[in-house]
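Quick notes on the structure that follows.
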Amino acid sequence: MATNHIGKPKNRVDGLKKVTGSAKYAAEFNAPGLVHGVVISSAIAKGRIKAIDTHDALEIEGVLHIFTHENTPGLAWFDLSYKDMDSPPGAPFRPLHSDEIQFNMQPIALVVAETLELARFAALRVKVEYEVETHNTKLADSLDEAIEGKGFRAGFEPPKSIGKFEEAYEAADIKLETEYFHGAEHHNPMEMHASTVIYEEDGGLTIYDKTQGVLNSRHYVSMIFGIKRKKIKVISPFVGGAFGSGLRPQYQLFMATLAALELKRPVKVELTRPQMFSFGHRPITIQKLKLAASPDGSLQAVSHSAYSETSRFEKYVENVVNWPKKLYRCENVEEIYKLVQLDMYTPLDMRAPGGATGVYALESAMDELAYKLNMNPLELRLRNYTDEDKGKEKPFSSKTLKECYRVAAEKFGWSQRNPEPRSTREGHNLVGWGMASGIWDAMQTPARAKARLSADGKLEVGSATADIGTGTYTIMTQIAAETLGLPMEQVTAKLGDSSLPFAFLEGGSTTAASVGTAVKYVCDKIARKLLKEAGKIDDSPFKGAKMEDVVFRDENIVDKQDDSVFIPITEVMKLRGLGTIQKKTTALPNFLKQNKYSRNTHSAVFAEVKIDEDLGTIKVTRIVTAIDAGRILNAKTAHSQILGGVVWGVSMALEEDSFMDHHYGRFINHDLAEYHIAVNADMPDIDITFVEEEDHVVSPIGVKGVGEIGLVGVAAAIGNAVYHATGKRIRSLPITLDKAM
Ligand code: MOS
């Protein structure tokens, strides 16, 4: 389909604001009389606060109040059945609720002062005495305490075994048993979590929050503080990185709201970088895999089990072991998913939660199997290729993974690979090639949108979604401009405002399919209204015309059969005396149609590494990836999404590791000096291809979503390349040089 905007490599419509610093983030909003809150974090992992002495701190002039569990009872209430839109089973953490310490760095007080410096200074003068209890933060030592990973959570599919694993495994010729481990990872977006809460004269609240869902934040504040929703406005026009960290309301929102309500003043609370390590992480999982195949490589049996950490108060579940049945044709699959409750905060979604880690283990094990079979790893994947989700016994709504493998292998030059590990050298370096598959969910969630066309031909579209840097503003603008035949400059997209029509959290790679469809539908409504009005104009060539008879192009309604017959949109507005046309609509997924299929995005990832034989230093020198993600709305921002995912994957493979000092039960490398993330200098050439695909089952606009798939598979491809380079199988992430030596 010929288009003017959709699919093109358009610049971000918010790009200028971002690079010039005029894009405002949650901590950058101000108000007359704004005061600052600093959070005090617990120094122990488990026990009680015996005494908290705020006397010296309160003496300091300019210190307004110190909120602790002792002076907050009754100020905020918690119904334990309360859930946010992304809650796992359990009861969310309740800040300042009691003297009980449940995890290290638990927020135990908020110091509010006239300036940030004063609040910080005063916080140092608060003395806390603890009654320490023995904590346990060690997953590996606690596997016998594991409980079933189950319960309801948005997007979570409980594990389900099929066929007869044990029998098939016993009977098979080739068997492999292996175990994978990865460290914890923490979100480190540039923008730290912050909330600026303005107390309005009428008792209402205007809240600038760092969030992936303004409606989720509003729901939280409404439920916890017992305030009517219509009195709460949550605003979040820009988000400085999130990818899961902003899905759930975090404690800075609670603290700032509490203080604003009590002091009746505007309050800002921004977490420090170390405090970014206090509210959730990608949980460590210990994964065991058993694979059995016949000599030709056909999988006979697969067992994937995972043990993952969670808190004592919530059972954080994600889809770790659910992927073999979707990736491979195998009749006998065992899936086991267990949790161990530890004295830590509840883990938190991080880009492709479960998939990034589960597929890492699966695709590493597949590589091991390929070597055992003496088979090309790519051929092993193709031998077991499936057009059906074996678990659901449903076909895929679209799956172009074969083409992904073909395109990426060819671009990479995979056919030139010497199968022998440790066979390729370049001076000091051992060179290795590895590959892996990736898979993620493709979903449309219900979303609403509104649109307003003005007499001057300017259009505004809005939905209460978020743009976490992914390009939501831009694709909303493109879809609206395309549908009504307007230049993009004439369209303004609004989001990140709780007064806008409903959208679900900006997560799970669902936004383009969901909000995109709502924007399309609402603009279609405006188009229909315009055509109807055009038909009422005297001597109109569009009398009785139907939508199929016309196109909206170059700011005109144009006769499809005859280009010379057209009327400018602004003329219709003028001649019909219309000031504005306003519409609102709801886009609901077609569940009946969707339920007949399994819906996923797929990828193939090929990686090259060079490892210094003497020093063990690992450099990823090339990544080639091909992605099936349905229709691509914006070639540039979609490419950037995958680029970001690959960078994250390199980071996951080689750098990121939140190190827990179990003596204290605390993550100790809690700053960017010691928590390493991949930087520009670590980045290889990254080659990205989107294979030709549209999927009108996942969404009416053909989109499957690109937010997360770019990451899945990258760590496995790199690990597999490290093996090929060195002959050493490293079964734990990150692959640091001490392990590679
Ligand atoms: Mo993503 S982890 O769904 O923001």
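No lab work stands behind these numbers, since they all come straight from the coordinates. Everything numeric here is computed off the predicted structure, so don't read it as measured data. All Cβ positions, even for glycine, are placed from backbone atoms using ideal geometry, and neighbour counts span all protein chains on display.
Data for the structure
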{"quantity": "Bins of 5 Å, starting at 0 and running to the largest distance - Cα pair percent for the stretch 342-446", "calculated": "2, 9, 15, 18, 19, 13, 9, 7, 5, 2, 0, 0"}
{"quantity": "Span from the the stretch 146-183 Cα centroid across to the the stretch 389-417 one, whole angstrom", "calculated": "23"}
{"quantity": "Straight-distance crosslink candidates among aspartates and glutamates, where the alpha carbon sits under 17 Å from residue 532 and sequence neighbours closer than 8 are dropped", "calculated": "524, 548, 549, 555, 559, 571"}
{"quantity": "Virtual spin-label span in nm between residue 4 and residue 164, 7 Å along Cα→Cβ", "calculated": "6.4"}
{"quantity": "³J(HN,Hα) computed for each position of the stretch 155-162 - Karplus, 6.51 cos²θ - 1.76 cosθ + 1.60, integer Hz, glycine/proline x", "calculated": "x, 8, 10, x, x, 8, 7, 10"}
{"quantity": "The stretch 445-588 - Rg over Rh from alpha carbon coordinates, Kirkwood radius", "calculated": "1.01"}
{"quantity": "Sorted peptide list for 259-268, 701-710, 645-654, 4-13, criterion being average Cβ within 10 angstrom, highest first", "calculated": "701-710, 645-654, 259-268, 4-13"}
{"quantity": "Dipole magnitude (debye, nearest 20) for the chain, charges at Cβ of Lys, Arg, Asp, Glu", "calculated": "2060"}
{"quantity": "Part-to-part distance (alpha-carbon centres) for the stretch 307-324 and the stretch 38-83, which is given in Å", "calculated": "31"}
{"quantity": "Antiparallel %, DSSP beta bridges [both residues in the chain], to 5", "calculated": "80"}
{"quantity": "Dipole magnitude (debye, nearest 20) for the stretch 330-459, charges at Cβ of Lys, Arg, Asp, Glu", "calculated": "580"}
{"quantity": "Euclidean distance between Cα centres, the stretch 511-583 to the stretch 209-265, Å", "calculated": "39"}
{"quantity": "Mean Cβ count within 10 Å, highest first, over the residues of peptides 213-223, 51-61", "calculated": "213-223, 51-61"}
{"quantity": "Cross-link table 458/529; 325/728; 83/593; 402/610; 175/338, entries beyond 22 Å C-alpha to C-alpha", "calculated": "325/728; 83/593; 402/610; 175/338"}
{"quantity": "Theoretical gain in end-to-end length, residue 387 to residue 613 [0.36 nm per residue, Cα-Cα removed]", "calculated": "77.2 nm"}
{"quantity": "Rough spin-label spacing in nm, given labels placed 7 Å along Cα→Cβ, for residue 71 and residue 20", "calculated": "4.5"}
{"quantity": "Nitroxide proxy distance, nm - points 7 Å out along Cα→Cβ at residue 150 and residue 423", "calculated": "4.8"}
{"quantity": "Amide proton proximity set for residue 703, modelled H, under 5 Å, gap of 5+", "calculated": "631, 695"}
{"quantity": "Helical segments meeting 20 Å axial Cα length and Kyte-Doolittle -1.0 threshold in the chain (DSSP H)", "calculated": "355-373, 511-535, 635-654"}
{"quantity": "Restricting the stretch 474-547 to trypsin sites (Lys or Arg not before Pro) in coil, as DSSP defines it, with at most 13 other Cβ within 10 Å", "calculated": "536, 543, 546"}
{"quantity": "Ranking of 105, 344 by count of other Cβ atoms within 10 Å, fewest first", "calculated": "105, 344"}
{"quantity": "Counting all C-alpha pairs of the chain, share separated by more than 43 Å (%)", "calculated": "31"}
{"quantity": "Least to most buried among 78, 29, 67 (fewest other Cβ within 10 Å first)", "calculated": "78, 29, 67"}
{"quantity": "Under 12 Å from the Cα of residue 264 - aspartates and glutamates, other chains or at least 8 residues apart", "calculated": "200, 201, 202"}
{"quantity": "Relative packing of peptides 270-276, 716-722 - highest average C-beta neighbours within 10 Å first", "calculated": "716-722, 270-276"}
{"quantity": "Dipole axis of the chain (+1 Lys, Arg; -1 Asp, Glu on Cβ), positive-most option in 618, 85, 736", "calculated": "85"}
{"quantity": "Neighbour-count order for 363, 379, fewest beta carbons within 10 angstrom listed first", "calculated": "379, 363"}
{"quantity": "Selected from 696, 609, 178, residue furthest toward positive end of dipole (the chain; charges at beta carbon)", "calculated": "696"}
{"quantity": "In the stretch 224-253, the trypsin sites (Lys or Arg not before Pro) that fall in loop regions by DSSP, at most 14 other Cβ within 10 Å", "calculated": "228"}
